[in-house]
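Below you'll find the structure, written out as structure tokens, and then a few comments.
Just so it is clear, none of the values below were taken in a lab; they were calculated from the coordinates. Please read these numbers as outputs of a predicted model, since none were measured by experiment. Quick reminder, even Gly has a Cβ in these numbers, built from the backbone with ideal geometry, and neighbours come from all protein chains shown.
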Amino acid sequence: MRTFEVFLKKAGKDEFRHVGAIDAADAELGVTLAREAYVRRGEGDDLWLVDRTHIVVGPPAFVRGNHDKPHRHNDGAAIAERRRQQRETA
Amino acid sequence: MIDLSPAAREHLLALADDEHMIGAQHATWIGVTPFLEEDLAFCSIAQDELGHALELYQLLTDDVDRFALLRDAADYRSCWFAERSTPEWSDALVRHWLYDHAERLRWQALAHSSVAEVAVLARLVDREESFHRQHADQLMRRLLTSGEARPIVIAALHRLLPIAVGIFDPVASERGAIDEGVVASSSADLAMSWRTTISQQLETLGVTIDWPVGTDEQRHRTVRDPGFAAFHDELREVISLDPGAVW
């Protein structure tokens, strides 16, 4: 049995979105079963199945390495404060 | 309910009862198929078949619940193949495959029916049925090319074929339905096409079968399968609590 990650997309400009996973004996049956599991009520118009073993996984320790760099976050507060000061001194 | 000749009525009743029984039999697998994904797909197919039965029953009666569930056994026109319980998953799957290929031919023979409502329905049903066949064909292909599953599926085929041929046991009034243009082909002609389709698919998978000779045990679908009474009781379990209840 293979595990596939399932992606759906509505017609138009929406992007493909991950909706879940499915177990199937092969890709052909994967598509058949995914249709019943995830598109029973017209939830999407296009379907992608990606074999989970084909997914490139970023090592978590490497991905989380940037959690301790608050200076890279921009919530807009610093800019708003700077603009407020500029207005007041203008 | 629409006006139908006795011959048209009996012919459509046979298909309606087959769809009802096969849908109800498939539905007994809810929650117990080998894996979740298959559970969803198989029970979805069950739901489709029950939907087709409902559409046909609505042409035959104004009180579908009573008609579908509370008739005397002798008044049903389903075939044994649709009525029989299949405790083994392999049998349920092989039956699904054999039945859906037969069903395609039966609905196609109604696509230009003189009963306009039936012709419209036949075209609608075909869309759903193509999914059923895809599902069954893919599973059969996969299992018959797997060393472990192949002998199990072949054993199921040999068990089921003797009653599967009874799908094409015609109702007594079939000639009348053909003459009236209700259905385009005789059951005997459809059976020939079905055997060709099934044999060809099996040959590509290296399986040869000897077609069993049909019997007249069903007596033009007027006699029920030995297990029908128990299954019928199960189907009526809820409605029997209060047959007069309005839903």
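Taking the stated definitions as given, is B:GLY206 at positive phi, loosely packed, with under 14 Cβ neighbours inside 10 Å and not basic (Lys, Arg)?
On the way: at positive phi: yes; loosely packed, with under 14 Cβ neighbours inside 10 Å: yes; not basic (Lys, Arg): yes.
Judged against the criteria, B:GLY206 is a match.
The residues on offer are B:ALA184, B:ALA229, and the sole one that is under 21 Å from B:CYS79 (Cβ atoms) and part of a helix (DSSP H, G or I) is B:ALA229.
The number of residues in the stretch B:82-96 being touching a residue at least 24 places away in the same chain (Cβ under 8 Å), farther than 17 Å from B:LEU50 by Cα and of a type outside the set (A, V, I, L, M) comes to 5. Residue count for the stretch A:28-74, restricted to those that are away from chain B (no Cβ under 14 Å), surrounded by 10 or more Cβ atoms within 10 Å (Cβ to Cβ) and not aromatic (Phe, Trp, Tyr): 9.
Here are B:ALA111, B:ALA92: which of them is under 21 Å from B:PHE168 (Cα atoms), of a type in the set (A, V, I, L, M, F, W, C), away from chain A (no Cβ under 14 Å) and not in a helix (DSSP H, G or I)? Lay out the reasoning, then the answer.
Numbers: B:ALA92 fails: not in a helix (DSSP H, G or I).
Testing whether each residue is under 21 Å from B:PHE168 (Cα atoms), of a type in the set (A, V, I, L, M, F, W, C), away from chain A (no Cβ under 14 Å) and not in a helix (DSSP H, G or I) leaves just B:ALA111.
Take the conditions (1) under 24 Å from B:ASP48 (Cβ atoms); (2) not in a helix (DSSP H, G or I); A:ALA21 misses just one of them, which is (1). Being free of Cβ contacts under 8 Å to residues at least 60 places away in the same chain, within 12 Å of another protein chain (Cβ to nearest Cβ) and not hydrophobic (A, V, I, L, M, F, W, C) is the filter here; which residues of the stretch B:118-139 pass it? Listed by number, the residues that qualify are B:SER130, B:ARG133, B:GLN134, B:GLN138.
Scanning the stretch B:45-54 turns up one or more residues that are part of a helix (DSSP H, G or I), among the β-branched types (Val, Ile, Thr) and within 14 Å of another protein chain (Cβ to nearest Cβ). Within the stretch A:17-27, the set of residues being more than 7 Å from chain B (Cβ to nearest Cβ) and either touching a Gly at 6+ places or on another chain (Cβ under 9 Å) or of a type in the set (Val, Ile, Thr) (or both) comprises A:ARG17, A:VAL19.
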